[in-house]
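Q: What follows is a structure written as structure tokens; I'll ask about it next.
Where a number appears in this text, it was derived from the coordinates with a stated rule and is not lab data. Remember, it's a predicted structure, so these values are computed and weren't measured experimentally. Because the Cβ atoms are built from the backbone with ideal geometry, glycine has one as well, and the counts that use them run over all protein chains shown.
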Amino acid sequence: MLDTVETPKKPSHEQRILVVDDDPALRRLVGDRLEHAGYRVLSAGSAPEALALLDEAGLPHLAIVDIMMPGMTGFDFCRIVQNYSDLPIIFLTAVDQEETVIQGLEQYAEDYVTKPFSPRELVARVRRVLRRIGDFAYASDRLLRIDADLAIDFVHQQALVNEKLISLTPIETKLLYILTRNAGRTINTDFLLRRLWPLEDVYEDTLRVHIHRLRQKIEVNPAKPRYVVAKRGLGYFFPSQLKPAVNDQSDAVD
């Protein structure tokens, strides 16, 4: 449903939002409101189309996703994307059954909005989620260039280490995504365990094994890590001085 037009409120930098819905009119409505609020909008009419868009352009800052779509559901889309990232999701759907809402919130989404909906309220929910995750202005680059020695391709689960292509596991990729998104901030161990294994009871020793293997792949000297740094008794951080600027798509890994 339409409501009063609000004054545009520009974010501090351009943030990209992916809208995935099989209804073209809804995509236009949501896209217009988000662009009016200062966001750049990417649009897809199906989950496979959205995955192809991510393959080409990389990850957005946030995705607004319908659940019931032909061919592949919104849950299926989220399962694939969250194998290698911690991309924030807002479900926008006509499905209002309690079990589906609970599953969506517990397993995939930061928020759940049912249709019919208020576009102004949706924009406010988008702002709230983006404020919470903080500044991640380089989220949409397909290849995230850290420095001369390291670049990361989240979608394809690869790293370029001293110009050598290295395959990453889904857990390693998602771990790097969380740490780079929060560059300069120590991420405590409990948070990492919950985000990396949301449906499993996993202990700190398992996380240490994955961090050890990741360091062996990306660090010049794994004994003195430069990227995945431990803060004793607290957790891990990615140094803020390595936080990259928005990167040119021309460096994409093929």
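Q: Given Cα pairs under 8 Å that are at least 6 residues apart, what percent is the relative contact order of the chain?
A: Relative CO of the chain lands at 17 percent.
Q: Using a Förster distance of 35 angstrom, determine the FRET efficiency expected from the C-beta separation of ASP147 and ALA124, and round it to 0.05.
A: My answer for the efficiency is 0.40.
Q: At most 14 other Cβ atoms within 10 Å and a DSSP loop assignment: could you name the GluC sites (Glu not before Pro) in region 168-210 that fit?
A: Hits after loop and neighbour filter: GLU200.
Q: Right, next: Quick check: Cα centre of region 64-131 to Cα centre of region 152-223, how many Å?
A: Region 64-131 and region 152-223 have Cα centres spaced 25 Å from each other.
Q: On to the next question. Pairs of lysines 8 or more apart, or on different chains, with alpha carbons under 20 Å: count those in the chain, would you?
A: Values: LYS164/LYS217; LYS174/LYS217; LYS174/LYS231; LYS174/LYS243; LYS217/LYS243; LYS224/LYS243; LYS231/LYS243.
Lysine pairs meeting both conditions in the chain amount to 7.
Q: If you don't mind, another one. Enumerate the calculated ³J(HN,Hα) couplings along region 208-213 in order (Karplus 6.51 cos²θ - 1.76 cosθ + 1.60, θ = phi - 60°), each rounded to whole Hz, writing x wherever the residue is Gly or Pro.
A: Once rounded to whole Hz, the list reads 4, 4, 5, 5, 4, 5.
Q: Now for a different question. For the chain, what does -39500 (n - 2.57) per DSSP helix run (n ≥ 4), summed and divided by total residues, give at 222 nm, in deg cm²/dmol to the nearest 500?
A: -11000 deg cm²/dmol
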